[in-house]
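Down below is the structure, laid out as structure tokens.
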Amino acid sequence: MIYLKTEEQIELLREANLIVARTLGEVAKWIKPGVTTLKLDQIAEEYIRSQGAVPGFLGLYGFPNTLCISINENVVHGIPSNYALEEGDIVSIDCGAVKDGYNGDSAYTFCVGEVAPEVKALLKTTKESLYVGIEKAEEGKRIGDISNAIQEYCEKRGYSVVRELTGHGVGKKLHEDPEVPNYGRRGTGPLIKNGLVIAIEPMINMGSKNVVFERDGWTCRTRDRKPSAHFEHTIAVHNGKADILTSFSYIEEVLGDKSI
Ligand code: MG
Ligand code: MG
């Protein structure tokens, strides 16, 4: 069941999503060698609560923290820990917040210090593919048009697309219908209409598309242990076109010319 949102609901969703965007900007300030992923989690939780919101992931399906933090070969859903970031790591940070009953959801993959050029290239393509997908989120197109655009963009550049996890509708629940896969056929899937709010979130691997789930019950990593990247925006289809409710501008302000 797809719940299309009213203008008023879209503005409430924008508020929650901008809190997530600013939280990721706060976290970005702390990304450097030696900082533990639990510290990043604490920064995020404090900031979200300071905005009169609550962390969206904490306790959801039993997840223990505010952020999902996934290092290098970990794709998504990593649990914050005492692991200290190391020079050359990539760190995917996924953040959710709930404000006035509505969810925000966004993710970004950061470089820790100097990262190998081929890994940076993976991040760049993954981020670009997110915007390629967003361009297809227009009234009258289908979800498969978004999926196919992301898949083609990444596979043409030699990368592979994770199949097990997808984007999703966003509203009063973090995960609503429809599923938004990062692979698929043009012209298939649900019709895109005004009022549709979805998270588009390519999860792209440098090696094979295969993933495994770790024994912690959460962390998803590449089977071949090659790096994986994840970028996510929540968008609303508004006046026929995609309106990005989240923003990477707070992150990019912090990263400056080190931005991917
Ligand atoms: Mg997310
Ligand atoms: Mg999501």
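Each value in this text was obtained by applying a stated rule to the coordinates, not by laboratory testing. Owing to the predicted nature of the structure, the values given are computational and were not obtained by experimental measurement. Neighbour counts are summed over all protein chains in view; Cβ atoms, including those assigned to glycine, are modelled from backbone coordinates with ideal geometry.
Rounded if a/c is under 1.5, else prolate if a/b is larger than b/c, else oblate: which is the stretch 8-155, with a ≥ b ≥ c the root eigenvalues of its Cα gyration tensor? Cα axes put the stretch 8-155 in the oblate bin. Given +1 at the Cβ of Lys and Arg, -1 at the Cβ of Asp and Glu and no other charges, the dipole of the chain around its Cα centre is 540 debye to the nearest 20.
Annotation: extensible slack from Gln42 through Asp224 equals 62.4 nm (criterion: 0.36 nm per residue apart, minus Cα-Cα distance). Under the membrane-span-like helix rule (DSSP H runs whose alpha carbons stretch at least 24 Å along the helix axis, mean Kyte-Doolittle hydropathy -1.0 or higher), the chain yields 7-28, 117-135.
Could you please report the charge total around Lys226, scoring K, R as +1 and D, E as -1 over all other residues with beta-carbon less than 12 angstrom from its beta-carbon? Intermediate values should be presented prior to the final figure.
Details: positive: Lys209, Arg221, Arg223, Arg225; negative: Glu73, Glu118, Asp224.
Result for the neighbourhood of Lys226: +1.
With neighbours defined as other Cβ atoms within 10 Å of a residue's Cβ, the residues Val197, Val35, Val91 order from fewest to most as Val35, Val91, Val197. If you plug the beta carbon distance of Glu7 and Glu155 into 1/(1 + (r/R0)^6) with R0 = 45 Å, you get a FRET efficiency near 0.75. How would the chain be classified by its alpha-carbon gyration tensor: rounded, prolate or oblate, with rounded meaning a/c under 1.5 and the a/b versus b/c comparison settling the rest? Verdict is oblate for the chain.
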